[in-house]
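Structure provided below as structure tokens; questions to follow.
The values are calculated or read from the model by the stated rules, or taken from the named source; none is laboratory data. Keep in mind that this is a model prediction, so the values were computed, not measured. Counting neighbours? That spans all protein chains shown, and the Cβs are built from the backbone with ideal geometry, glycine included.
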């Protein structure tokens, strides 16, 4: 039964006191109270979680180095490489974990390895010990540990896990590097626009007011933006931060909202293509490696689906698993998902018919890797038209907003 909280009123030293106990039922709470010999029982009643208990749990969560998120990838890959190398040299798993623990500096990973080491030394398997940290290490890690322990090749499984994680990590680094220049350009444009709007454009308003002339429409529009930034800037910034925070909270807490948001995200220019190619490439790559390692197709599909971070795509790719469970072909499942083009479907079908599925999966994985690499290498070129259009619009608006008043000023002065 799940634990409940009980509010206990008792007398001690002629005074009434209150305490809270967490037990499965009322009888257990009374038993615990009497065992502690706290005083004479006056009343006991179920209650919600007391504030002091909430604060204690919050404090424990805050102080705990193991955070509710993935561990730092590079540190984890380094630890896996070290463990695999020592296992290959014939060292027992507990010694390997101890050495990796001593050389790891990341606080979260270090604490996870300490707990896993304690469990392994008490006789628990590595898979079961690591399963407690599935959110931090990922479902792929648990599956690879399990496969290694079942086949007796834990060193090879851990080494392959490191290869897969390194592939994923490198793709993320390439994407960040490719988007760095466009991001800096947009940021610089925003700063320049704000400076001109706030400090330059208002000077024309004073000059025109002194001459009794009307401001042109572009200039009035710039002044409207300036007025909004100067007088309502903090509110606009606060509203933007709150909006992002609320959306982030809903994305983290609501599965339906996350599903809808992820589906919309796939339709955004360039962003959707990057996500689509990276997720499919990752999915096929991991499915190929796991199936080659001897893991049953259903389990390999489940594990591959867990590394797809877009909920909508994960839901659609789950249809592949459903098709195989229904006794249909893998090609039918890939077709049902609606995520793969006809060329890929033909390659999967040919692989199934010829008995060379893994070879075809490897080719499909290379196809997505090459497409993703081409996209990353040319992302700056693809964003350039948007940046040029943005800069042109920025310059045109400023030119109209500044030069039109100057021409009107010259006409007003009879020049």
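Residues 330, 266, 270: which one is in contact (Cβ under 8 Å) with a residue 12 or more places away in the chain, surrounded by 15 or more Cβ atoms within 10 Å (Cβ to Cβ) and closer than 29 Å to residue 385 by Cα?
Values: 330 fails: closer than 29 Å to residue 385 by Cα; 270 fails: surrounded by 15 or more Cβ atoms within 10 Å (Cβ to Cβ).
So the residue among 330, 266, 270 that is in contact (Cβ under 8 Å) with a residue 12 or more places away in the chain, surrounded by 15 or more Cβ atoms within 10 Å (Cβ to Cβ) and closer than 29 Å to residue 385 by Cα is 266.
Test residue 182 against the stated conditions and say whether it is modelled with pLDDT under 90, more than 25 Å from residue 290 (Cβ to Cβ) and out of contact with any helix residue (DSSP H, G or I) (no Cβ under 7 Å at 6 or more places or on another chain). Give the steps one after another, and end with the answer.
On the way: modelled with pLDDT under 90: yes; more than 25 Å from residue 290 (Cβ to Cβ): yes; out of contact with any helix residue (DSSP H, G or I) (no Cβ under 7 Å at 6 or more places or on another chain): no.
Answer is no for this residue.
Failed condition for residue 358, given (1) in contact (Cβ under 8 Å) with a residue 40 or more places away in the chain; (2) surrounded by 20 or more Cβ atoms within 10 Å (Cβ to Cβ); (3) part of a helix (DSSP H, G or I), with all others met?
Only one criterion in (1) in contact (Cβ under 8 Å) with a residue 40 or more places away in the chain; (2) surrounded by 20 or more Cβ atoms within 10 Å (Cβ to Cβ); (3) part of a helix (DSSP H, G or I) is unmet by residue 358, namely (2).
Hey, another quick one. Test each condition in (1) exposed (fewer than 14 other Cβ atoms within 10 Å of the Cβ); (2) modelled with pLDDT of 85 or more for residue 177 and report the one that comes out false.
For residue 177, the failing item is (2).
Turning to a different aspect of this structure: What number of residues within the stretch 132-167 satisfy the criterion of being in a helix (DSSP H, G or I) and surrounded by fewer than 18 Cβ atoms within 10 Å (Cβ to Cβ)?
Quick first cut of the stretch 132-167, residues in a helix (DSSP H, G or I) only: 134-137, 139-151, 154-167.
Among the residues that remain, those that are also surrounded by fewer than 18 Cβ atoms within 10 Å (Cβ to Cβ) are: 134-135, 139, 149-151, 156, 163, 166-167.
Of the residues in the stretch 132-167, 10 are in a helix (DSSP H, G or I) and surrounded by fewer than 18 Cβ atoms within 10 Å (Cβ to Cβ).
Against the condition more than 23 Å from residue 136 (Cα to Cα), modelled with pLDDT under 90 and either in a helix (DSSP H, G or I) or not assigned by TED's automatic domain parsing to the domain that holds residue 149 (or both), how does residue 288 come out, does it pass? Walk me through how you get there before you give the answer.
On the way: more than 23 Å from residue 136 (Cα to Cα): yes; modelled with pLDDT under 90: yes; either in a helix (DSSP H, G or I) or not assigned by TED's automatic domain parsing to the domain that holds residue 149 (or both): yes.
Yes: the conditions hold for residue 288.
Can you tell me which condition residue 258 does not meet? The list is (1) in the same structural domain as residue 333 (by TED's automatic domain parsing); (2) in contact with a helix residue (DSSP H, G or I) (Cβ under 7 Å, 6 or more places away or on another chain); (3) surrounded by 14 or more Cβ atoms within 10 Å (Cβ to Cβ); (4) assigned to a helix (DSSP H, G or I), and all the others hold.
Tallying (1) in the same structural domain as residue 333 (by TED's automatic domain parsing); (2) in contact with a helix residue (DSSP H, G or I) (Cβ under 7 Å, 6 or more places away or on another chain); (3) surrounded by 14 or more Cβ atoms within 10 Å (Cβ to Cβ); (4) assigned to a helix (DSSP H, G or I), residue 258 fails exactly one: (1).
Residue 314 - would you say it is more than 24 Å from residue 152 (Cα to Cα), in contact with a helix residue (DSSP H, G or I) (Cβ under 7 Å, 6 or more places away or on another chain) and either surrounded by 19 or more Cβ atoms within 10 Å (Cβ to Cβ) or not assigned by TED's automatic domain parsing to the domain that holds residue 332 (or both)?
no
Right, another one. Tell me whether the stretch 218-229 contains one or more residues that are under 30 Å from the mean Cα position of the chain (by Cα) and either at positive phi or surrounded by fewer than 13 Cβ atoms within 10 Å (Cβ to Cβ) (or both).
Within the stretch 218-229 (the criterion being under 30 Å from the mean Cα position of the chain (by Cα) and either at positive phi or surrounded by fewer than 13 Cβ atoms within 10 Å (Cβ to Cβ) (or both)), the answer is no, since none of the residues qualifies.
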